[in-house]
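Participant: Would you mind keeping the following structure in view while I ask a few things?
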Amino acid sequence: MKNRLKIAIQKNGRLSTESLSILKKCGIEFSDSSNKLFIKSTNMLIDLLMVRDDDIPRLVSQNIADLGIVGENVVFEKQLSDTSLKLKTTLKLGFSRCRLSFAKPKKMNLDNINNKKIATSYPSIVKDYLEKKDINAEIIEIHGSVELTPFVEISDIIADLVSTGSTLESNNLTELDSIMDSQAILVQSSSIPSQKLPLIEKIVARINSVIKAKDSKYIMFNADTDNTDELIKLLPSAESPTIIPLADRSKVAIHTVCKEDVFWETIESLKLRGASSILVLPIEKLSY
Ligand code: ATP
Ligand code: ZN
(Lines give C-alpha, C1' and ligand atoms only; values in the text may rest on other atoms or scores of the structure.)
(Ligands and ions follow the chains in the order given, each with its own letter.)
Protein backbone atom coordinates (compact mmCIF):
# COMPACT_ATOMS: atom_id res chain seq x y z
CA MET A 1 0.00 0.00 0.00
CA LYS A 2 2.78 2.41 0.98
CA ASN A 3 4.63 2.01 -2.30
CA ARG A 4 1.61 2.51 -4.49
CA LEU A 5 1.58 5.81 -6.34
CA LYS A 6 -1.51 7.92 -5.68
CA ILE A 7 -2.76 10.30 -8.36
CA ALA A 8 -5.54 12.76 -7.50
CA ILE A 9 -7.88 13.75 -10.33
CA GLN A 10 -11.20 15.60 -10.46
CA LYS A 11 -14.11 13.23 -9.85
CA ASN A 12 -16.83 15.11 -11.71
CA GLY A 13 -16.21 18.12 -13.89
CA ARG A 14 -14.47 19.65 -16.85
CA LEU A 15 -11.11 18.01 -16.11
CA SER A 16 -12.34 14.48 -15.37
CA THR A 17 -12.65 12.80 -18.78
CA GLU A 18 -9.40 14.16 -20.19
CA SER A 19 -7.46 13.40 -16.96
CA LEU A 20 -8.56 9.77 -17.00
CA SER A 21 -7.97 9.48 -20.73
CA ILE A 22 -4.38 10.78 -20.53
CA LEU A 23 -3.59 8.24 -17.77
CA LYS A 24 -5.11 5.39 -19.79
CA LYS A 25 -3.02 6.43 -22.81
CA CYS A 26 0.02 6.04 -20.54
CA GLY A 27 -0.79 2.34 -20.30
CA ILE A 28 -2.34 2.50 -16.83
CA GLU A 29 -5.33 0.15 -16.78
CA PHE A 30 -8.23 0.57 -14.38
CA SER A 31 -11.20 -1.58 -13.50
CA ASP A 32 -14.61 0.09 -13.63
CA SER A 33 -13.99 3.79 -13.03
CA SER A 34 -17.54 5.03 -12.64
CA ASN A 35 -18.86 6.27 -9.31
CA LYS A 36 -15.84 5.39 -7.23
CA LEU A 37 -13.73 7.62 -5.01
CA PHE A 38 -10.75 5.27 -5.05
CA ILE A 39 -9.75 3.35 -8.18
CA LYS A 40 -6.96 0.77 -8.21
CA SER A 41 -4.94 0.16 -11.34
CA THR A 42 -5.08 -3.46 -12.44
CA ASN A 43 -1.62 -3.49 -14.04
CA MET A 44 0.55 -0.94 -12.16
CA LEU A 45 1.20 0.09 -8.56
CA ILE A 46 -1.04 3.12 -8.98
CA ASP A 47 -4.29 4.27 -7.31
CA LEU A 48 -6.53 7.15 -8.33
CA LEU A 49 -8.13 9.44 -5.78
CA MET A 50 -11.31 10.90 -7.28
CA VAL A 51 -11.86 14.27 -5.56
CA ARG A 52 -13.04 17.86 -6.01
CA ASP A 53 -10.50 19.88 -7.96
CA ASP A 54 -10.19 22.43 -5.12
CA ASP A 55 -8.84 19.71 -2.80
CA ILE A 56 -6.09 18.53 -5.15
CA PRO A 57 -3.36 21.10 -4.25
CA ARG A 58 -3.68 20.36 -0.52
CA LEU A 59 -3.85 16.56 -0.99
CA VAL A 60 -0.65 16.69 -3.06
CA SER A 61 1.11 19.14 -0.73
CA GLN A 62 0.36 16.85 2.24
CA ASN A 63 1.58 13.74 0.37
CA ILE A 64 -1.85 12.11 0.55
CA ALA A 65 -1.57 12.06 -3.24
CA ASP A 66 1.84 12.00 -4.98
CA LEU A 67 0.63 13.56 -8.22
CA GLY A 68 -2.44 15.55 -9.17
CA ILE A 69 -4.08 16.88 -12.33
CA VAL A 70 -5.68 20.28 -11.77
CA GLY A 71 -6.19 23.69 -13.38
CA GLU A 72 -3.40 26.27 -13.00
CA ASN A 73 -6.08 28.71 -11.81
CA VAL A 74 -6.89 26.52 -8.78
CA VAL A 75 -3.22 25.96 -7.92
CA PHE A 76 -2.43 29.67 -8.18
CA GLU A 77 -5.42 30.60 -5.99
CA LYS A 78 -4.47 28.07 -3.29
CA GLN A 79 -0.79 29.04 -3.36
CA LEU A 80 -1.64 32.71 -2.88
CA SER A 81 -3.97 31.98 0.03
CA ASP A 82 -1.72 29.39 1.69
CA THR A 83 2.00 30.01 1.28
CA SER A 84 2.87 26.80 3.14
CA LEU A 85 1.69 24.61 0.21
CA LYS A 86 4.53 22.34 -0.92
CA LEU A 87 3.79 21.86 -4.56
CA LYS A 88 5.50 22.03 -7.92
CA THR A 89 4.29 22.01 -11.51
CA THR A 90 5.77 19.07 -13.35
CA LEU A 91 4.06 19.38 -16.75
CA LYS A 92 1.59 21.58 -18.57
CA LEU A 93 -0.98 19.23 -20.07
CA GLY A 94 -2.47 21.42 -22.80
CA PHE A 95 -6.16 20.77 -22.14
CA SER A 96 -8.93 22.69 -20.32
CA ARG A 97 -7.48 25.95 -21.50
CA CYS A 98 -9.29 29.00 -20.18
CA ARG A 99 -8.59 32.45 -18.78
CA LEU A 100 -9.69 34.33 -15.69
CA SER A 101 -11.22 37.58 -16.91
CA PHE A 102 -13.21 40.50 -15.63
CA ALA A 103 -16.65 40.91 -17.19
CA LYS A 104 -19.37 43.54 -16.94
CA PRO A 105 -23.07 43.61 -17.84
CA LYS A 106 -23.39 44.57 -21.53
CA LYS A 107 -25.49 47.62 -20.76
CA MET A 108 -23.20 48.99 -18.04
CA ASN A 109 -21.04 52.04 -18.78
CA LEU A 110 -17.66 51.47 -17.22
CA ASP A 111 -14.50 53.59 -17.49
CA ASN A 112 -12.41 51.65 -14.98
CA ILE A 113 -12.91 49.13 -12.19
CA ASN A 114 -11.82 51.43 -9.35
CA ASN A 115 -14.15 51.28 -6.34
CA LYS A 116 -16.31 48.60 -7.96
CA LYS A 117 -17.64 45.45 -6.25
CA ILE A 118 -16.14 42.39 -7.96
CA ALA A 119 -17.70 38.94 -7.45
CA THR A 120 -15.36 35.98 -7.97
CA SER A 121 -14.50 32.43 -6.90
CA TYR A 122 -10.81 33.44 -7.09
CA PRO A 123 -10.46 36.15 -4.40
CA SER A 124 -6.71 35.73 -3.86
CA ILE A 125 -5.82 35.94 -7.57
CA VAL A 126 -8.04 38.99 -8.02
CA LYS A 127 -6.65 40.64 -4.86
CA ASP A 128 -3.09 40.02 -6.05
CA TYR A 129 -3.92 41.52 -9.47
CA LEU A 130 -5.59 44.60 -7.97
CA GLU A 131 -2.64 45.21 -5.63
CA LYS A 132 -0.12 44.94 -8.46
CA LYS A 133 -2.13 47.39 -10.58
CA ASP A 134 -2.77 49.68 -7.61
CA ILE A 135 -6.54 49.41 -8.05
CA ASN A 136 -8.86 49.86 -5.10
CA ALA A 137 -11.95 47.64 -5.39
CA GLU A 138 -14.08 45.42 -3.16
CA ILE A 139 -13.93 41.64 -3.66
CA ILE A 140 -17.05 39.54 -3.01
CA GLU A 141 -16.15 35.84 -2.75
CA ILE A 142 -18.82 33.58 -4.18
CA HIS A 143 -18.74 29.97 -5.37
CA GLY A 144 -21.21 29.20 -8.13
CA SER A 145 -23.50 31.37 -10.29
CA VAL A 146 -20.97 34.22 -10.31
CA GLU A 147 -22.47 35.44 -13.62
CA LEU A 148 -25.75 36.20 -11.87
CA THR A 149 -24.36 38.52 -9.19
CA PRO A 150 -24.28 41.84 -11.16
CA PHE A 151 -27.98 41.43 -11.97
CA VAL A 152 -29.09 40.89 -8.36
CA GLU A 153 -27.04 43.78 -6.96
CA ILE A 154 -24.51 41.61 -5.18
CA SER A 155 -21.72 42.99 -7.37
CA ASP A 156 -20.98 45.52 -10.14
CA ILE A 157 -18.75 43.27 -12.21
CA ILE A 158 -17.32 39.73 -12.01
CA ALA A 159 -14.01 37.94 -12.46
CA ASP A 160 -14.63 34.43 -13.80
CA LEU A 161 -13.23 31.69 -16.01
CA VAL A 162 -13.87 32.07 -19.72
CA SER A 163 -13.05 29.69 -22.55
CA THR A 164 -15.13 30.43 -25.65
CA GLY A 165 -17.02 33.35 -24.12
CA SER A 166 -20.41 31.78 -24.90
CA THR A 167 -21.43 31.54 -21.20
CA LEU A 168 -20.71 35.25 -20.74
CA GLU A 169 -22.62 36.03 -23.92
CA SER A 170 -25.67 34.02 -22.87
CA ASN A 171 -25.66 35.85 -19.52
CA ASN A 172 -25.50 39.30 -21.13
CA LEU A 173 -21.95 39.97 -20.01
CA THR A 174 -19.01 41.48 -21.91
CA GLU A 175 -15.46 40.31 -21.28
CA LEU A 176 -12.97 42.96 -20.09
CA ASP A 177 -9.26 42.51 -19.22
CA SER A 178 -7.90 39.04 -18.64
CA ILE A 179 -6.05 38.34 -15.38
CA MET A 180 -4.40 35.01 -16.15
CA ASP A 181 -4.37 32.17 -18.69
CA SER A 182 -4.85 28.66 -17.41
CA GLN A 183 -4.69 25.03 -18.50
CA ALA A 184 -4.60 21.66 -16.78
CA ILE A 185 -1.24 20.87 -15.18
CA LEU A 186 0.39 17.90 -13.50
CA VAL A 187 1.50 18.82 -9.99
CA GLN A 188 3.65 16.88 -7.57
CA SER A 189 4.54 17.24 -3.95
CA SER A 190 7.95 18.80 -3.29
CA SER A 191 8.72 16.00 -0.79
CA ILE A 192 8.12 12.69 -2.55
CA PRO A 193 9.37 9.55 -0.72
CA SER A 194 12.46 8.33 -2.57
CA GLN A 195 11.10 4.81 -3.20
CA LYS A 196 8.32 6.33 -5.33
CA LEU A 197 10.59 8.44 -7.52
CA PRO A 198 11.34 5.81 -10.22
CA LEU A 199 7.62 5.17 -10.85
CA ILE A 200 6.89 8.92 -10.87
CA GLU A 201 9.67 9.48 -13.40
CA LYS A 202 8.24 6.72 -15.60
CA ILE A 203 4.68 8.13 -15.46
CA VAL A 204 5.84 11.72 -16.05
CA ALA A 205 7.88 10.60 -19.09
CA ARG A 206 4.88 8.69 -20.48
CA ILE A 207 2.50 11.63 -19.96
CA ASN A 208 5.05 13.87 -21.65
CA SER A 209 5.17 11.59 -24.65
CA VAL A 210 1.35 11.41 -24.86
CA ILE A 211 1.01 15.22 -24.84
CA LYS A 212 3.81 15.71 -27.35
CA ALA A 213 2.16 13.14 -29.63
CA LYS A 214 -1.19 14.93 -29.38
CA ASP A 215 0.28 18.11 -30.84
CA SER A 216 2.28 16.28 -33.51
CA LYS A 217 1.41 14.77 -36.86
CA TYR A 218 3.14 12.32 -39.17
CA ILE A 219 3.10 13.56 -42.76
CA MET A 220 3.98 11.66 -45.95
CA PHE A 221 3.85 12.79 -49.56
CA ASN A 222 5.48 12.27 -52.93
CA ALA A 223 7.43 14.99 -54.73
CA ASP A 224 9.71 15.63 -57.68
CA THR A 225 13.29 14.85 -56.71
CA ASP A 226 14.49 18.34 -57.64
CA ASN A 227 11.78 20.07 -55.61
CA THR A 228 12.29 18.56 -52.15
CA ASP A 229 14.05 21.52 -50.43
CA GLU A 230 11.25 23.97 -51.23
CA LEU A 231 8.58 21.55 -49.98
CA ILE A 232 10.42 20.66 -46.76
CA LYS A 233 10.59 24.36 -45.86
CA LEU A 234 6.78 24.45 -45.79
CA LEU A 235 6.49 21.80 -43.06
CA PRO A 236 5.76 23.18 -39.57
CA SER A 237 8.41 22.29 -36.92
CA ALA A 238 9.61 19.27 -38.88
CA GLU A 239 12.37 16.90 -37.86
CA SER A 240 14.95 16.29 -40.58
CA PRO A 241 12.70 14.33 -42.99
CA THR A 242 13.28 10.87 -44.39
CA ILE A 243 13.59 10.91 -48.20
CA ILE A 244 12.88 7.60 -49.91
CA PRO A 245 13.53 6.95 -53.63
CA LEU A 246 10.53 5.69 -55.65
CA ALA A 247 10.40 3.32 -58.62
CA ASP A 248 9.86 6.39 -60.78
CA ARG A 249 13.41 7.83 -60.47
CA SER A 250 12.21 11.41 -60.92
CA LYS A 251 10.19 11.20 -57.68
CA VAL A 252 10.80 10.63 -53.96
CA ALA A 253 8.58 10.03 -50.91
CA ILE A 254 9.08 12.43 -48.00
CA HIS A 255 8.16 11.28 -44.48
CA THR A 256 8.45 13.30 -41.31
CA VAL A 257 7.05 14.15 -37.87
CA CYS A 258 5.73 17.71 -37.54
CA LYS A 259 5.76 18.89 -33.94
CA GLU A 260 2.58 20.84 -34.45
CA ASP A 261 -0.70 20.37 -36.27
CA VAL A 262 -0.64 20.35 -40.08
CA PHE A 263 -3.40 22.68 -41.24
CA TRP A 264 -5.26 22.64 -44.54
CA GLU A 265 -3.29 25.74 -45.62
CA THR A 266 -0.03 23.75 -45.40
CA ILE A 267 -1.50 20.85 -47.37
CA GLU A 268 -2.77 23.26 -50.03
CA SER A 269 0.63 25.00 -50.28
CA LEU A 270 2.39 21.63 -50.63
CA LYS A 271 -0.03 20.58 -53.38
CA LEU A 272 0.36 23.90 -55.19
CA ARG A 273 4.13 23.31 -55.29
CA GLY A 274 3.84 19.81 -56.75
CA ALA A 275 3.42 17.46 -53.78
CA SER A 276 1.03 14.54 -54.36
CA SER A 277 -0.50 11.66 -52.35
CA ILE A 278 -0.32 13.73 -49.16
CA LEU A 279 -1.15 11.75 -46.00
CA VAL A 280 -1.36 13.32 -42.51
CA LEU A 281 -1.60 10.83 -39.65
CA PRO A 282 -2.16 11.21 -35.90
CA ILE A 283 0.60 10.00 -33.58
CA GLU A 284 -0.26 8.00 -30.48
CA LYS A 285 3.04 8.13 -28.61
CA LEU A 286 6.18 10.18 -29.23
CA SER A 287 9.48 9.81 -27.43
CA TYR A 288 12.74 11.54 -28.37
P1 ATP B 1 -15.52 20.63 -8.42
O2 ATP B 1 -16.87 20.07 -8.14
O3 ATP B 1 -14.50 19.53 -8.66
O4 ATP B 1 -15.04 21.65 -7.42
P5 ATP B 1 -15.72 22.91 -10.25
O6 ATP B 1 -17.16 23.25 -10.48
O7 ATP B 1 -14.91 23.75 -9.35
O8 ATP B 1 -15.65 21.36 -9.84
P9 ATP B 1 -15.26 22.76 -13.16
O10 ATP B 1 -16.32 23.70 -13.61
O11 ATP B 1 -15.44 21.31 -13.47
O12 ATP B 1 -14.91 22.92 -11.59
O13 ATP B 1 -13.90 23.28 -13.78
C14 ATP B 1 -12.69 22.64 -13.50
C15 ATP B 1 -11.56 23.39 -14.18
O16 ATP B 1 -11.74 23.39 -15.58
C17 ATP B 1 -11.45 24.86 -13.83
O18 ATP B 1 -10.82 25.09 -12.58
C19 ATP B 1 -10.59 25.35 -14.99
O20 ATP B 1 -9.22 25.06 -14.76
C21 ATP B 1 -11.06 24.49 -16.16
N22 ATP B 1 -11.93 25.23 -17.14
C23 ATP B 1 -11.73 25.28 -18.45
N24 ATP B 1 -12.62 26.03 -19.10
C25 ATP B 1 -13.43 26.49 -18.20
C26 ATP B 1 -14.59 27.33 -18.27
N27 ATP B 1 -15.04 27.83 -19.39
N28 ATP B 1 -15.24 27.58 -17.11
C29 ATP B 1 -14.79 27.04 -15.96
N30 ATP B 1 -13.68 26.25 -15.86
C31 ATP B 1 -13.00 25.98 -16.95
ZN1 ZN C 1 -13.87 23.27 -7.79
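Participant: Just name one of Ser191, Val70, Val51: the one whose Cα is farthest towards the positive end of the charge dipole of the chain (beta-carbon charges, Lys/Arg +1, Asp/Glu -1).
Facilitator: Going by the charge dipole, the pick is Ser191.
Participant: In nm, to one decimal, how far is the Glu29 label point from the Glu153 one, both placed 7 Å along Cα→Cβ?
Facilitator: The two pseudo-label positions are separated by 6.2 nm.
Participant: Excluding Asp53 itself, what net charge comes from residues whose Cβ is under 12 Å from its Cβ, given Lys and Arg +1 and Asp and Glu -1?
Facilitator: +1
Participant: Rounded if a/c is under 1.5, else prolate if a/b is larger than b/c, else oblate: which is region 66-125, with a ≥ b ≥ c the root eigenvalues of its Cα gyration tensor?
Facilitator: Here region 66-125 falls in the oblate category.
Participant: Work through the residues other than Ile140 whose Cβ is under 10 Å from its Cβ and net out their charges, Lys, Arg +1 and Asp, Glu -1.
Facilitator: -2
Participant: Could you check which residue among Met50, Met220, Met180 shows the biggest mean-square fluctuation in a GNM of the chain with a 10 Å Cα cutoff?
Facilitator: Of Met50, Met220, Met180, the most mobile in the Gaussian network model is Met220.
Participant: Write out the trypsin sites (Lys or Arg not before Pro) in region 1-86 meeting two conditions: DSSP loop, and at most 10 other Cβ atoms within 10 Å of their Cβ.
Facilitator: Those that pass, being in a loop and sparsely packed, are Lys2.
Participant: Can I ask one more? Loop only per DSSP, at most 14 neighbouring Cβ atoms within 10 Å: give me the GluC sites (Glu not before Pro) in region 83-187, ordered by residue number.
Facilitator: When the GluC sites (Glu not before Pro) of region 83-187 are filtered for loop state and at most 14 Cβ neighbours within 10 Å, Glu153 remain.
Participant: Could you compute the net charge surrounding Leu168? Neighbours are other residues with a C-beta less than 15 Å from the C-beta of Leu168; K and R count +1, D and E count -1.
Facilitator: -1
Participant: By its C-alpha gyration tensor, with a ≥ b ≥ c as the square roots of the eigenvalues, how is the chain shaped: rounded for a/c under 1.5, else prolate for a/b larger than b/c, else oblate?
Facilitator: oblate
Participant: Might you report the magnitude of the Cβ-based charge dipole of the chain about its Cα centre, with Lys and Arg at +1 and Asp and Glu at -1, to the nearest 20 debye?
Facilitator: Here the chain has a charge dipole of around 1080 debye.
Participant: With an 8 Å Cα cut-off and a minimum separation of 6 or more residues, compute the relative contact order for region 135-216 in percent.
Facilitator: Worked out over region 135-216, it gives 15 percent.
Participant: Further question: Starting from the Cα of Met108, move 7 Å in the Cα-to-Cβ direction to define the label point; list residues of region 163-177 whose amide nitrogen is under 11 Å from there.
Facilitator: Only 173-176 pass the distance filter.
Participant: Could I ask something else about it? From the cross-link list Lys107/Lys132; Lys104/Lys212; Lys86/Lys133; Lys25/Lys78, which pairs have alpha carbons spaced over 31 Å apart?
Facilitator: Over 31 Å apart, Cα to Cα: Lys104/Lys212.
Participant: Ignoring ligands, DNA and RNA, please state the percent of accessible area on the chain from carbon and sulfur, probe 1.4 Å.
Facilitator: On the chain, the fraction of accessible area on carbon and sulfur atoms equals 49 percent.
Participant: Over what distance in Å are the Cα centres of region 3-75 and region 205-260 separated?
Facilitator: 36
Participant: Classify region 130-288 as rounded, prolate or oblate, taking a ≥ b ≥ c as the square roots of the eigenvalues of its Cα gyration tensor: rounded when a/c is under 1.5, otherwise prolate if a/b is larger than b/c and oblate if not.
Facilitator: It comes out oblate by the Cα gyration axes.
Participant: Ok, one more. Hey, which of these cross-link pairs are over 29 Å Cα-Cα: Lys2/Lys88; Lys40/Lys285; Lys36/Lys88; Lys127/Lys214?
Facilitator: Correct reply: Lys127/Lys214.
The values are calculated or read from the model by the stated rules, or taken from the named source; none is laboratory data. The shown structure was predicted, so the numbers you read here are calculated from the model rather than taken from an experiment. Heads up, the Cβs are rebuilt from the backbone with ideal geometry, glycines too, and the neighbour counts pull from every protein chain shown. Areas reflect the complete protein model, heavy atoms only, side chains present, ligands, DNA and RNA absent. Shrake-Rupley method; radii C 1.70, N 1.55, O 1.52, S 1.80 Å.
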